[in-house]
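J.: Right, I'll just put the structure down here and ask away after.
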Amino acid sequence: MDIAQQMQILKRGTVEVFREEELAQRLADAAKTGRPLRAKLGMDPTAPDIHLGHTVVLRKLRQFQDLGHKAVLIIGDYTARIGDPTGQNTTRPMLSPEKIQENAKTYFEQAGRILDMSPDKVEVRFNSEWLADLRLADIIKLTASMTVARMLERDTFEIRYKKGDPIGIHEFLYPLMQGYDSVAIQSDVELGGTDQTFNNLVGRDLQRLAGQPAQIVITMPILIGLDGKEKMSKSKGNYIGVTDKPSDMFGKTMSIPDHLMENYFTLLTDLPAERIRELTDPSKTHPKEAKILLGKLIVQQFYGRQAAQQAAEEFEKVFAQSQLPDEMPEVAVSAAPIAAAKLLLQCGLAATGGEAKRAVLQGGVRINNEKITDPNQEITPHSGMVVQVGKRKFARLKV
RNA sequence: GGGUCGGUGCCCGAGCGGCUAAAGGGGAUGGACUGUAAAUCCAUUGGCUAGCGCCUACGGUGGUUCGAAUCCACCCCGGCCCA
C-alpha cells in the first residue's frame with residue numbers, strides 16, 4: 001500500500017496530526033528500512049472497564065498494527081500510585097500494586113477485543129520501570145524544560161485556575177512524566193484523545209531535548225456519551241461498555257440523540273464518508289433505519305454478525321411491538337404472597353422501598369403484562385411470572 | 001504566618017434561630033406523545049413503615065438554646081489578598 005493510501009486511513013476521524021508531513025516521512029522510512037513504527041498509547045490503570053469512548057483511540061491504534069506497526073501500551077502504574085487528582089474535584093485514592101495489576105489485566109482482556117494482541121504486535125510497559133528510579137536532580141531537570149505559563153495554557157489548568165479551583169503542584173508533573181514515557185520507549189507516534197493533546201505534545205519537546213526525533217502526535221475526538229452532551233464516561237453512566245451484552249449495546253445505541261449518529265458512524269465504524277453522509281441525511285435515510293444499522297455495526301464488532309442481527313430483532317420485538325424479551329434475569333423468590341412493592345425490591349428492580357412504591361403509583365409496573373396500581377396489592381408469586389418496571393427492566397420469577 | 005470569603009441533598013445553589021427533609025435549577029426515574037431520537041407536558045426524587053409516625057442529613061467535634069443548616073468555640077478542607 002502506498003504512503004498516500006496509508007495516510008488516508010490513518011487520518012480518518014482524527015482531529016489533528018502533529019505533523020502530517022512528519023508522519024508521511026516516517027511511514028516512508030519504515031517502509032524503506034522495514035522497521036515498524038512504535039505507536040504509543042498510555043493507559044490509566046485506575047479505570048479498568050473500557051467503553052466505546054476508549055475504543056476510538058484503540059481502533060486507530062489497531063490501524064497502525066494492521067499497517068505493520070507495533071502498539072506500545074504504557075500502563076501508568078507509577079502515576080497511579082501517586083494518585084492523580086486531575087478529575088476536577090475528586091481526589092483519587094492511591095492504588096495498590098495489586099489493584100493496578102488487576103486493572104491492567106482487565107484492560108488488556110478488554111482492549112484485546114479491538115487490538116491485535118499477538119506478541120509481535122504489542123509491547124506492554126509499566127512506567128514505574130523508568131519513573132521510579134528518577135532522582136530529584138533528574139526531576140528538576142525535567143521541570144526546568146517547562147514554564148508555569150506554558151503549563152497554565154493547558155485548558156484544564158486554565159479553567160480550574162480561573163474558576164478558583166485547586167491545582168496541586170504535582171499535577172504539573174503529570175504531563176512531564178507522560179512526556180518522559182515517550183523518551184523512555186522511543187515512540188514514533190503517540191495517540192490520544194484531544195484532552196491529551198498538551199501532554200502528548202510535551203512528549204515531543206522532551207524527546208527533542210533528549211536528542212530523539214520528536215514523536216508524531218495524533219489526537220482523536222472525545223466520544224460524546226449517550227446523553228448527547230457530555231463525554232462518554234463510566235461515572236456519568238452514559239456509556240456503552242465493550243463487555244455489555246449485545247442487546248444492551250444495541251439498545252443503548254438506539255437511545256442516542258440523532259445528531260450523534262454521524263459522530264458515531266465516523267468514530268466507531270469503518271464506513272466511508274460518503275456513505276455516512278447518505279445515512280445521516282434524513283431525506284435519504286430514515287433516522288431510525290440509520291440508527292439500526294449503526295447499532296448492528298457496533299454489536300457486530302464485538303459479537304459477530306449473527307448476534308448483531310439477533311439484537312436488532314429482539315429490540316424490534318420488545319420496544320416496537322412491546323413484547324417480552326426472550327431473555328431476562330431470573331430471580332428466585334418464595335411462594336408466599338407478598339406486597340407488590342416488596343416484590344420489586346426482592347427482584348432487584350428497585351433499590352429502595354420508596355422507589356418501588358413510586359414506580360407502582362406512577363403506573364410503571366406490570367406483572368404478567370398487567371398494570372399494578374396499588375403498591376400494597378398482594379401478589380402470589382409463581383414460576384415464570386414476569387415482573388416489569390418501566391420499559392426496560394424485567395425479571396422472571398422462580399419460586 | 002496574617003487577613004478575608006467559603007464548605008448545604010447525585011451536582012449547582014438558596015436559606016442564616018422554630019413555618020426546613022431543607023426554595024430554585026440541572027440530572028435521574030416513571031408516565032403521555034414518539035422512532036428506547038429530539039422537542040413538549042405531567043409526576044416523583046433521603047431511609048424505614050400498611051399507616052400514625054420514627055430515624056438519618058446541611059465539613060468535624062463540643063457548646064448556647066425549650067428549639068440550630070442557621071449563634072459560639074476549637075479543629076479539618078478550599079479560594080482570594082498580603083508576607
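J.: If you average the sequence gap of Cα pairs under 8 Å that are 6 or more apart and divide by the length of chain A, what percent do you get for the contact order?
T.: 13 percent.
J.: Would you please give the residues with an amide H less than 5 Å from that of A:M232, counting only those at least 5 places away or on a separate chain, with H modeled from the backbone geometry?
T.: Those lying under 5 Å, H to H, from A:M232 are A:L223, A:I224, A:G225.
J.: On C-alpha positions alone, give me the angle between the axis of helix A:197-209 and the longest principal axis of chain A, in degrees, nearest 10.
T.: 20 degrees
J.: Any idea how far the Cα center of segment A:184-222 sits from the one of segment A:235-260, in Å?
T.: 31 Å
J.: Considering only DSSP beta bridges with both partners in chain A, what is the antiparallel share in %, to the nearest 5?
T.: 45 percent
J.: Using the charge dipole of chain A (Lys, Arg: +1 at Cβ; Asp, Glu: -1 at Cβ; taken about the Cα centre), state which of A:L206, A:A332, A:A149 has its Cα farthest towards the positive end.
T.: A:A332
J.: May I ask you to evaluate 6.51 cos²θ - 1.76 cosθ + 1.60, the Karplus curve with θ = phi - 60°, for each residue of segment A:221-235 and list the ³J(HN,Hα) values in order in whole Hz, giving x for glycine and proline?
T.: Going residue by residue, I get x, 7, 6, 6, x, 4, 6, x, 10, 8, 5, 5, 7, 5, 5 Hz, with x marking Gly and Pro.
J.: Which three semi-axes in whole Å describe the equivalent ellipsoid of segment A:91-185, each the square root of 5 times a Cα gyration tensor eigenvalue, listed largest first? Don't skip to the end; give the middle numbers.
T.: On the way: eigenvalues 172, 67, 42 Å².
Rounded to whole Å, the semi-axes are 29, 18, 14.
J.: With every protein chain left in place, what is the accessible area of A:R366 in Å² (1.4 Å probe, nearest 10)?
T.: Answer for A:R366: close to 80 Å² accessible.
J.: Relative to the longest principal axis of chain A, what angle (0 to 90°, nearest 10) does the C-alpha long axis of helix A:173-185 take?
T.: The answer is roughly 70 degrees.
J.: For n ≥ 4 DSSP H runs only, could you compute -39500 (n - 2.57) per run for chain A, divide by its residues and tell me the 222 nm figure to the nearest 500? Don't skip to the end; give the middle numbers.
T.: Working: 18 runs with 181 residues, N = 399.
After summing the helix terms and dividing by residue count, I get -13500 deg cm²/dmol.
J.: Rolling a 1.4 angstrom probe over the protein heavy atoms, how many square angstrom per residue are accessible across chain A?
T.: Details: 20320 Å² over 399 residues.
That works out to 51 Å² for each residue.
J.: Another one. With a cut-off of 11 Å, note down the residues of segment A:332-347 whose backbone N falls inside the zone around a label point 7 Å from the Cα of A:T380 toward its beta carbon.
T.: So the set is A:336-338.
J.: At a 1.4 Å probe, what is the % contribution of carbon and sulfur to the accessible area of segment A:176-249?
T.: Roughly 50 percent of what the probe reaches on segment A:176-249 is carbon or sulfur.
J.: Another one. Using a probe of 1.4 angstrom, how much of the accessible area of segment A:11-82 is carbon and sulfur, in percent?
T.: 49 percent
J.: Let me ask something else. If you keep only loop residues by DSSP, which GluC sites (Glu not before Pro) in segment A:307-349 have at most 15 other Cβ atoms within 10 Å of their Cβ?
T.: Qualifying residues, ordered by number: A:E327.
The values are calculated or read from the model by the stated rules, or taken from the named source; none is laboratory data. Note that the coordinates shown come from a computational prediction; the quantities given were computed from them, not determined experimentally. So basically every Cβ, Gly included, is an ideal-geometry build from the backbone, and we count neighbours across all protein chains shown. Side chains are part of the model used for accessible areas, which takes the heavy atoms of the whole protein and leaves out ligands, DNA and RNA. Shrake-Rupley method; radii C 1.70, N 1.55, O 1.52, S 1.80 Å.
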